[in-house]
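Undergrad: Take this structure first; my questions come after.
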Amino acid sequence: MARILVLDDEEHMREAVRLALERDGHEISEVSDGATALSLFRDQRMDIVITDLVMPHKDGAEVIRDIRKLSSTVKIIALSGRGGICIKANLDRALMTGAARALMKPCDFDELRRTVRELSGELPANTLSPA
């Protein structure tokens, strides 16, 4: 199972992601801001980072860039549901910055679980099997 860092400034979203992924046996760490995420990532390398994009102080794209400087192999999933008409632009920017996948919030947690299984090597890429 994967070691996953969940970064979101909304506590209820972090908790929902944690609960969904713990069902599959993943080890989850949660943080609410980019600086804490980077500090934790430096101390405890993770297999996957799931980050919100729209956050105060340090946005998700900045976090993705900083994590990419520390590791070229960690898998990153970007999430965004805010930003008005710019949501797609935010998700595209995350992919250009180094995220492996970009998903809209609110999440389809089955899709998130499949994405995590795919990125962690538990499923072949683009598998459409049920969660």
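Undergrad: Can you tell me the relative contact order of the chain? Whole percent, Cα pairs under 8 Å, sequence separation 6 or more.
TA: 21 percent
Undergrad: Please list, in order along segment 15-22, the HN-Hα scalar couplings obtained from phi with the Karplus expression 6.51 cos²θ - 1.76 cosθ + 1.60 (θ = phi - 60°), rounded to whole Hz, x for Gly and Pro.
TA: Per-residue couplings from phi come out as 5, 5, 5, 4, 4, 5, 7, 5 Hz.
Undergrad: For the chain, what does the helix formula give at 222 nm: sum of -39500 (n - 2.57) over DSSP H segments with n ≥ 4, over the residue count, nearest 500 deg cm²/dmol?
TA: Only helices count here, giving -12500 deg cm²/dmol.
Undergrad: Shifting gears a bit: Does the chain come out rounded, prolate or oblate by the C-alpha gyration tensor, with a ≥ b ≥ c the root eigenvalues, rounded set by a/c under 1.5 and, if not, prolate when a/b is larger than b/c and oblate if not?
TA: rounded
Undergrad: Taking the Cβ of each residue in Leu40, Leu91 as the centre, tally the other Cβ atoms inside 10 Å and list the residues starting with the fewest.
TA: Leu40, Leu91
Undergrad: While we're on this one: Any idea how far apart Glu10 and Asp108 come out in nm if each label point goes 7 Å out from Cα toward Cβ?
TA: Distance between label points: 1.8 nm.
Each value in this text was obtained by applying a stated rule to the coordinates, not by laboratory testing. If you're wondering where the values come from, they're calculated on a predicted model, not measured in any experiment. Glycine also receives a Cβ, built like all others from the backbone with ideal geometry; neighbour counts cover every protein chain displayed.
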